[in-house]
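The values are calculated or read from the model by the stated rules, or taken from the named source; none is laboratory data. All figures in this text were calculated on a predicted structure; none of them were measured in a lab. Counting neighbours? That spans all protein chains shown, and the Cβs are built from the backbone with ideal geometry, glycine included.
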Amino acid sequence: MKRFAVILAAGQGTRMKSKLYKVLHPILGRPMIQYVLEALAPSNVEKLVTIVGHGAEKVSEEVGNKSEFVIQEEQLGTAHAVIQAKDILSEENGTTIVVCGDTPLITKETFESLFKYHEQTASKATVLTTAFDDPTGYGRVIRNHDGDVSRIVEHKDANEEELTINEINTGTYCFDNKALFEALEKVDNDNAQGEYYLPDVIEILKKENEKISAYLMTDQEESIGINDRVALAEAEAIMKRRINKSHLQNGVTITDIENTYIGPNVEIEQDVIIYPGSIINGNTTIKSDAIIGPNSEINNSVIGEASIIKQSVIFDSKVGKQVNIGPFAHIRPETNIGNDVKIGNFVELKKSSLGNDTKVSHLTYLGDADIGENVNVGCGSITVNYDGVNKNTTTIESNAFIGCNSNLIAPVTIKEGAYIAAGSTINKDVPKESLAIARARQENKEGYASKITKKN
Ligand code: UD1
Ligand code: CA
């Protein structure tokens, strides 16, 4: 049986009160639509169509070639949204899953089980349902005396009795593809919202005596639809717990699971310890025995074995083994740090590489710098990398010693084993093993201090 998928993502997301398109709102640093795509991927659909609204170029940019796109010019309802995929899908034989782009917590296991259940029962439509203690806002599942699903009624259209029903429509369905597109033509907009409702397809097919099923999901949390920022916060909390739990089960210590935020694409090896206030996102890998936090932010980076990252920020960089960073260091993109390096407090690194055993212990800026092994960069040193027009490179070869408060005006090279006297402003290359002193000479005027402080 061939499988197809339609993701509905054209709604305005009015209730989010945001400039940002609803399905692009991030959960743990990742746009919510990516969770839907990832969960659908293992079900191997032949065609995947995402319905987007006018001006939603950002959605197609985000999703890229993972899906085809159709624009729904006017948002006339979920049934009207699915009809937009007609040219691509209506001639196909097989099963089509319809998923809302705003239900990012549904797992791959649930999608696959829904497909299987639908296929095994040979139903024309199968609705994914769940029971909520507070079903406010959701479509209710109406069953007949035999317990079969007969229709779905939207909250705004429901009568008092229907409002007491706890079983809700999650907004995810499997359909026989041909039956779906035929039934869609019969949906009208005669309801409280004047919209073409996709759930009406259920009632249409039922009246045609087709087999309708419901797949009741026991994990209610999965089916939260993100209509406003309250739901977004809930989804973030659920996803956070889900991800943190899987790391705990894999042998990572997280001392405070509520206050640790780890994105879905982060890999963490065994015996890593993560302290509270840490935010780890993007394609980050943390190797074994590393200690992260408290309060560290790491994005798209690799942290080597047994490295310690305290109260620091690291973006798009690589950190070797047994490196000690922080507190309060800022490692900006394209930085590559070797093994056994120390980066102390108030150090900023940008687009620089640092060899093994190098130490940059305090209050230093190194940008566009290529630094060898076992270099000691003293407190307050600065690579003067920007001349107002261009960024220039500073090279510091292995075993060099940069005295405190030195300015290295790039482009400049400090050769192997050279020694820069504290307070120097260096604008010429320094040869191997040499001492460079570039500062005003000190003069002592004996007795002068008492002369100027003496009262006349
Ligand atoms: C919908 C269901 C409801 C279900 C709930 C589950 C309908 C009529 N109701 O309600 O039964 O309980 O989801 O979360 O389907 N969309 C479009 N084009 C449109 C309208 C909507 O693409 O013209 C998209 C939205 O972007 C969204 C999805 O369809 O991703 C659902 O729309 P939304 O307005 O959020 O529907 P709900 O009121 O949540
Ligand atoms: Ca919704």
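Listed by first and then second residue, the pairs linking a residue in the range 47-76 that is closer than 11 Å to residue 9 by Cα to a residue that is away from ligand 1 (no atom under 11 Å from the Cβ) and of a type in the set (Asp, Glu), with Cβ atoms under 6 Å apart and 6 or more places separating them unless they lie on different chains, are 49/68. Checking 202, 212 one by one, the residue that is surrounded by 20 or more Cβ atoms within 10 Å (Cβ to Cβ), closer than 21 Å to residue 121 by Cβ, more than 12 Å from ligand 1 (Cβ to nearest atom) and among the β-branched types (Val, Ile, Thr) is 212 and no other.
Could you identify the single residue in 443, 416 that is closer than 23 Å to residue 339 by Cα, charged (D, E, K, R) and out of contact with any Pro (no Cβ under 7 Å at 6 or more places or on another chain)? Every option except 416 fails the conditions. Restricting attention to the range 119-156, the residues that are loosely packed, with under 15 Cβ neighbours inside 10 Å, within 16 Å of ligand 2 (Cβ to nearest atom) and charged (D, E, K, R) total 2.
Of the candidates 257, 226, 212, 202, the single residue that is in contact (Cβ under 8 Å) with a residue 40 or more places away in the chain and within 23 Å of residue 279 (Cα to Cα) is 226. The set of residues in the range 73-95 that are more than 8 Å from ligand 1 (Cβ to nearest atom) and either under 30 Å from the mean Cα position of the chain (by Cα) or not assigned by TED's automatic domain parsing to the domain that holds residue 183 (or both) comprises 73, 82, 84, 85.
Scan the range 156-199 for residues that are touching a residue at least 60 places away in the same chain (Cβ under 8 Å) and either outside the structural domain of residue 217 (by TED's automatic domain parsing) or within 37 Å of the chain's Cα centre (by Cα) (or both) and the total you get is 18. Among residues that are within 10 Å of ligand 1 (Cβ to nearest atom), touching a His at 6+ places or on another chain (Cβ under 8 Å) and not polar (S, T, N, Q), residue 154 is not included.
Every test in (1) at pLDDT below 95; (2) surrounded by fewer than 20 Cβ atoms within 10 Å (Cβ to Cβ); (3) within 16 Å of ligand 1 (Cβ to nearest atom) is passed by residue 218 save one, and that test is (3). A Cβ distance below 9 Å, combined with a sequence gap of six or more or placement on separate chains, defines the contacts here; from the range 7-21, residues that are within 11 Å of ligand 2 (Cβ to nearest atom) reach residues that are modelled with pLDDT under 90 and part of a loop (DSSP other than H, G, I, E, B) in the pairs 9/56. Would you confirm whether or not the range 105-121 contains a residue that is within 13 Å of ligand 1 (Cβ to nearest atom) and touching a strand residue (DSSP E or B) at 6+ places or on another chain (Cβ under 8 Å)? Yes: one or more hits.
Considering the range 168-264, the qualifying helices (runs of 4 or more DSSP H), each wholly inside and each with 1 or more residues that are farther than 27 Å from residue 47 by Cβ and out of contact with any Cys (no Cβ under 7 Å at 6 or more places or on another chain), run over 200-207, 229-249.
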